[in-house]
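The values are calculated or read from the model by the stated rules, or taken from the named source; none is laboratory data. Note that the structure is predicted; figures quoted are calculated from it, not measured. All Cβ positions, even for glycine, are placed from backbone atoms using ideal geometry, and neighbour counts span all protein chains on display. Accessible surface is based on the protein model in full, side chains and every heavy atom, while ligands, DNA and RNA are left aside. Shrake-Rupley method; radii C 1.70, N 1.55, O 1.52, S 1.80 Å.
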Amino acid sequence: MASVTLDDVTKRYGEVVAVDHMSLAVEDGELMVLLGPSGCGKTTALRMIAGLEDATEGTIRIGDRVVNDVEPRHRDVSMVFQNYALYPHLTVEKNIASPLLAREMHVDGEDGAVRKLSRTERKERVNDVARLLGLESLLARKPSALSGGQRQRVALARAIVARPKVFLMDEPLSNLDAKLRVQTRGEIVDLHQRLGTTIIYVTHDQVEALTMANRIALIEAGRLQQVGDPQSVYDRPANLFVARFLGTPPMNTVEGTITTTGGLGVRIGGVTVSLPPTPGDSRTNDGKTEARASASVGRIEQGRPVVLGIRSEHLQMLGGAMQEGGSSEAAQVASGFEPLLTGTVAHVEWLGHESLVTVAIGSGPPGARDGGTGSGAGSSVAITSSMPTDAVIGTGDSEGGDVPGSRTTIEVRLGADEQSPRAGATVTLFADPRHLHLFDLASGQRLAWDTHLQAAASR
Amino acid sequence: MSAVPASRTQVHHVARRARTAGWYLLLTALAVIILFPIYMMVVRALSTPVTYFGRGSPLYPVDVEWGVFRAAWDEGGIGRSMGVSTVATLLMTGGQVVTAILAAYAFAFLRFPLRRLVFVLFIGTLMLPIEVTLIPNVQTMRDLHWLNSFPGLVGPFLASALGTFLIHQGFRAIPTELLDAASLDGYGHMRFLTRVAVPLSKPVIASFTVIAFLGAWNQFIWPEAVSTETHWQTVQIGVAALSATTPDHSNIAFAGAIVASLPLVVLLVAFQRQLVRGLTAGAVKG
Amino acid sequence: MTLWTRAPASTSRRRRFSGKEALIAYACLLPSIVVFAVFAYYPLYALVQEALRQSNSFGTASRYVGFSQFSSVLSSGEFLSGLAHSALYVVFTVPVGLVAGTVLAVSAHRRLRGIKIFQTIFTSTVATSTAVSSVIFFVLINPEVGIFRTNILNDPRWALLGVSFSSMWANLGLCFIIVLAGLQAVPDELIEAATLDGFGAFRRFLRVTLPLLSPVYLFLIVVLSVFGFQAYAQIVVLTQGGPAGATQTLVYDIFNSQTPNLQGVGAVMSLGLLVVTAMAAAVQFSILQRRVQYGTR
């Protein structure tokens, strides 16, 4: 068992930078998931750790040893490949034994002598691993006679048999069907707990990452975006990429500009969403997240273009029949929060255990302050559902430019027992301000608005 | 009324059977055309020439004499030339397969300077068949005193660009992941070649082996040029030489031709799949 | 954004094994390189050297004559008739091979009981060498001992055609195999789609199958042309170049120019043959490469 450290590692193929100055410390015994879209460089990073690729720059350590110039077979790592990489002409037994043939390894007893294993020792180890993974009855078969799930286990067995310091797994579940994937996910986590070996696990599947990882490293365009435990990266995404990549459906994001007139808020279209100070965001600095670029967060000042983010499950909705005849105050009372945005239901996807409601927004919350024109607080901006939303968003604001001309939609998740609105209904959305995320439009970096506000207040 | 559909089905049925019969008839006719020359060779080998001509050359054997094969083998020199052909063919086939595997391995898995140039030079030899290089190659053999020897017979055919190319393609089809896995497993080149690359490319290597054998066994112009002594004639040369004998002994020539073809008949029956695959990929001279 | 998850093959294969790669590579290549250097490229060099030199009529000495020998040999009656005979041989055998291969393959490309037996029979001429097939045709068409006692091999006008019969027959197996492989590679859906479009069997073949077979035919044309230009054993067995030189092909001439006094002439003719085979090989290689790349089988 060992830690794995990438120190400012870069991989270039000619002009193309596959991995860009990546620094990452994987702790001993940790299950670290490298997560990102295809082509982001996560597999290249893994292959550099394995020694299948050279690092162009930077240092790679396994434990305390710098391994940049160490042959793959001497790095004491095992790899599980996406397509399993089983030798098709060898039996399962010989496949599992293959890492034991040429590699030297620690021998049981004898104070951990390092040498090649004898035939009986190999057989013993293969049998042990086969028992661990329930492969005893398949040892004489060829890979072609196995199901996909069985092949996957053989690949795992081959990785385990060498008792490496680190397991490297390159999308090992991507060729399994959905049901088997969930099952195998659990098995790998079990295995990790039993063996306690460091695992570096590459995937593009955020569900795998969130369910399996001790920590997740999010990678985009060769750069490390954020490292943290699943909950912290989900709850406090360091930037827009992380915010949108994690979660299904992706986090809703709406562009707007900061306004500080009459308290901190974001102007979206013609309306303003207020951002009351909350204690919630203090977790940003609790050390659990390592947002690389958090230092670059700019000042929150009047007119700054920003992106407001909110996850679908953090939104509540009032609308249709419920709202008719009622005031926004009544709605506010019902939800417990201030209204955020108003919009029109575009369509509803019923998924059984939940519903996803897509709302085309184009109107601010009833009673939103219009800081730009100075119209009184509390005056109702009655935008009806019959008004074309595009027109409202595109042309409704004389200041212009702070909202793209395209139609903005927001997805809202409703529980199975909540009544879904009809398409075309006007609804008002509410959210706990603690669940609102603010990002700088230009850099995509997270903006800690509450702390800023506190700082501004103390100034 | 209900009889109408029934009879209609019957008509269809009859038509289909007639069509099937028609195909069999055509196939049989074609088979007869193809086999007729071979059949006549057998007839003429088995028939005693004088009696056969006396009967007016019928389409069936006359006065069958099985001793003709023995005569071809011994007096006709086919036995001796079969020996020469067997050794030469095995040397050429084995040599080509081994050198092609090695060269293909270098092209498929190794990086080395001038790789492209070397590859082009390999492929370029496809443009230099033995017919083109015959005269200087015979001179080389004369200079080396390799005329009438196995080195002389097989020398130019110990490497094959076609084989290198085909096996190279086979090696390239090995998934990259297996290379990675072998690398992590600590396999060296020797182990990777013998344990992974060759076993996984068995089909293509087998195909090439079969067509290399075919080409080597059937060689004519080169052994004709370098085997100036009867003792070093290959069986093809021997058969051709026998055919020049008098009509009264022509049965011996045909018997010799049959014997010379037997290894290829075995090849055709036992390795038809490999043969077909090899010929469709490479099309060597048959 | 970059769209890869793994390095380009050439790069990723870079450091897979321990060093000294180049040394190992050349060790692997050495046997082939030696054979090719000695028996392919050195002869090419020697041919060019010889072609520039002319021997005296006794073959005891030669002198440098530059390219003059090229023009004299290439315009000589011997070379031109040899080339013409070789070309004619190709003209005889190639179309017959294409048509016969197609007839055989189309006949045997269907689901019938025992079709494998027919396919094996149709392949069988592959197992006969040129020498053997020539001897077989000796049986069939020899004026004295043949089944059909034609005079075709003694008639200068017909002898070359007579010789080519043996090649036509011997090529049947190969032509059959190659066209059949092409037919088997035609996707069933295309044929089914054409059936639904209302095309009959003949039009299906003409409009769907035949165009898809065109690479196969190109391959076959090249291979048969090379065979035709290389024809030698047939002539030795059946006519020895006769009658009256009517079956002296280019290769036959080259073989018989091995006397010392004809070295330069033989070299020039060899280079002439090289040009022909080089063109064929270039086409053959490009087909080979394309086929492997798109992997129909």
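Considering each residue of segment B:27-38 in turn, none proves to be among the hydrophobic types (A, V, I, L, M, F, W, C), within 12 Å of another protein chain (Cβ to nearest Cβ) and either touching a residue at least 40 places away in the same chain (Cβ under 8 Å) or touching a strand residue (DSSP E or B) at 6+ places or on another chain (Cβ under 7 Å) (or both).
Only one of the numbered conditions (1) within 12 Å of chain B (Cβ to nearest Cβ); (2) open to solvent by 50 Å² or more (accessible area, probe 1.4 Å); (3) at pLDDT 90 or above is violated by C:P95, and that is (1). Any residue at all in segment B:122-140 that's outside any helix (DSSP H, G or I), closer than 22 Å to C:V223 by Cβ and either open to solvent by 10 Å² or more (accessible area, probe 1.4 Å) or in contact (Cβ under 8 Å) with a residue 24 or more places away in the chain (or both)? Within segment B:122-140, one or more residues are outside any helix (DSSP H, G or I), closer than 22 Å to C:V223 by Cβ and either open to solvent by 10 Å² or more (accessible area, probe 1.4 Å) or in contact (Cβ under 8 Å) with a residue 24 or more places away in the chain (or both).
Checking each residue in segment A:91-145 for being in a loop (DSSP other than H, G, I, E, B) and either buried (at least 16 other Cβ atoms within 10 Å of the Cβ) or in contact with a Ser or Thr (Cβ under 7 Å, 6 or more places away or on another chain) (or both) picks out A:T91, A:R103, A:L117, A:L135, A:L139, A:A140, A:R141, A:K142.
Could you check how many residues of segment C:246-271 are open to solvent by less than 20 Å² (accessible area, probe 1.4 Å) and more than 22 Å from C:S129 (Cβ to Cβ)?
Summing the residues that are open to solvent by less than 20 Å² (accessible area, probe 1.4 Å) and more than 22 Å from C:S129 (Cβ to Cβ) in segment C:246-271 gives 9.
Looking for something under 23 Å from the mean Cα position of the chain (by Cα), at the interface with chain C (Cβ under 9 Å from one of its Cβ atoms) and open to solvent by less than 20 Å² (accessible area, probe 1.4 Å) - is there at least one such residue anywhere in segment B:111-118? No: segment B:111-118 contains no residue that is under 23 Å from the mean Cα position of the chain (by Cα), at the interface with chain C (Cβ under 9 Å from one of its Cβ atoms) and open to solvent by less than 20 Å² (accessible area, probe 1.4 Å). Does A:V26 qualify as being more than 18 Å from the chain's Cα centre (by Cα), crowded, with 16+ Cβ neighbours inside 10 Å and away from chain C (no Cβ under 14 Å)? No: the conditions fail for A:V26.
Is there a residue being away from chain C (no Cβ under 11 Å), more than 30 Å from B:D180 (Cα to Cα), part of a helix (DSSP H, G or I) and touching a Gly at 6+ places or on another chain (Cβ under 8 Å) anywhere in segment B:16-24? Checking segment B:16-24: not a single residue is away from chain C (no Cβ under 11 Å), more than 30 Å from B:D180 (Cα to Cα), part of a helix (DSSP H, G or I) and touching a Gly at 6+ places or on another chain (Cβ under 8 Å). Among the residues of segment C:170-206, those identified as more than 14 Å from chain B (Cβ to nearest Cβ) and surrounded by 13 or more Cβ atoms within 10 Å (Cβ to Cβ) are C:V186, C:L190, C:I191, C:A193, C:A194, C:T195, C:F199, C:R204, C:F205. Looking at the structure I just gave you, is C:V283 open to solvent by less than 10 Å² (accessible area, probe 1.4 Å), within 29 Å of B:A225 (Cβ to Cβ) and touching a residue at least 60 places away in the same chain (Cβ under 8 Å)? For C:V283, the condition - open to solvent by less than 10 Å² (accessible area, probe 1.4 Å), within 29 Å of B:A225 (Cβ to Cβ) and touching a residue at least 60 places away in the same chain (Cβ under 8 Å) - is not met.
Please verify whether B:L91 is within 30 Å of B:H231 (Cβ to Cβ), open to solvent by 60 Å² or more (accessible area, probe 1.4 Å) and either within 14 Å of chain C (Cβ to nearest Cβ) or assigned to a helix (DSSP H, G or I) (or both), treating the condition exactly as stated. Yes. Residues being within 14 Å of chain A (Cβ to nearest Cβ), crowded, with 24+ Cβ neighbours inside 10 Å and either part of a helix (DSSP H, G or I) or at pLDDT 90 or above (or both) are entirely absent from segment B:147-158. Of the residues making up segment B:183-231, those that are open to solvent by less than 30 Å² (accessible area, probe 1.4 Å), part of a helix (DSSP H, G or I) and more than 8 Å from chain A (Cβ to nearest Cβ) number 19. Quick check: is even one residue across segment A:56-65 surrounded by fewer than 22 Cβ atoms within 10 Å (Cβ to Cβ), at negative phi, within 14 Å of chain B (Cβ to nearest Cβ) and in contact with a helix residue (DSSP H, G or I) (Cβ under 8 Å, 6 or more places away or on another chain)? Among the residues of segment A:56-65, not one is surrounded by fewer than 22 Cβ atoms within 10 Å (Cβ to Cβ), at negative phi, within 14 Å of chain B (Cβ to nearest Cβ) and in contact with a helix residue (DSSP H, G or I) (Cβ under 8 Å, 6 or more places away or on another chain), which makes the answer no. Residues that are at pLDDT below 95 and surrounded by fewer than 17 Cβ atoms within 10 Å (Cβ to Cβ) were ranked within segment C:22-36; the one that is nearest to the other protein chains (Cβ to nearest Cβ) is C:A22.
Here's the yes/no breakdown for (1) open to solvent by 70 Å² or more (accessible area, probe 1.4 Å); (2) in contact (Cβ under 8 Å) with a residue 24 or more places away in the chain; (3) more than 30 Å from the chain's Cα centre (by Cα):
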{"position": "B:H13", "(1), (2), (3)": "yes, no, yes"}
{"position": "B:V43", "(1), (2), (3)": "no, no, no"}
{"position": "B:D63", "(1), (2), (3)": "yes, no, yes"}
{"position": "B:G67", "(1), (2), (3)": "no, no, no"}
{"position": "B:V87", "(1), (2), (3)": "no, yes, no"}
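Scanning segment C:112-133 for residues that are more than 7 Å from chain B (Cβ to nearest Cβ) and open to solvent by less than 10 Å² (accessible area, probe 1.4 Å) turns up just one, C:S133. Within segment B:160-182, if we keep just the residues that are in a loop (DSSP other than H, G, I, E, B) and not hydroxyl-bearing (S, T, Y), the residue that is farthest from A:F167 (Cα to Cα) turns out to be B:A173. The set of residues from segment A:217-238 being assigned to a strand (DSSP E or B) and either of a type in the set (D, E) or over 11 Å from the mean Cα position of the chain (by Cα) (or both) comprises A:E220, A:R223, A:L224. Within segment A:66-81, being more than 7 Å from every other protein chain (Cβ to nearest Cβ), open to solvent by 40 Å² or more (accessible area, probe 1.4 Å) and either touching a residue at least 40 places away in the same chain (Cβ under 8 Å) or in a helix (DSSP H, G or I) (or both) holds for one residue alone: A:H74. Among the numbered conditions (1) open to solvent by 20 Å² or more (accessible area, probe 1.4 Å); (2) more than 21 Å from C:L83 (Cα to Cα); (3) touching a helix residue (DSSP H, G or I) at 6+ places or on another chain (Cβ under 6 Å), the only one that C:W158 does not meet is (2).
So, A:A178, is that one modelled with pLDDT of 90 or more, at negative phi and not hydroxyl-bearing (S, T, Y) or not? In short, no.
None of C:L161, C:L140 is away from every other protein chain (no Cβ under 11 Å) and under 20 Å from C:P243 (Cα atoms) except C:L161.
The single condition among (1) in contact with a strand residue (DSSP E or B) (Cβ under 8 Å, 6 or more places away or on another chain); (2) assigned to a loop (DSSP other than H, G, I, E, B) that C:Q263 does not meet is (2). Test B:S81 against the stated conditions and say whether it is among the small types (G, A, S) and either loosely packed, with under 12 Cβ neighbours inside 10 Å or within 30 Å of C:I117 (Cα to Cα) (or both). So B:S81 does not fit the description; no.
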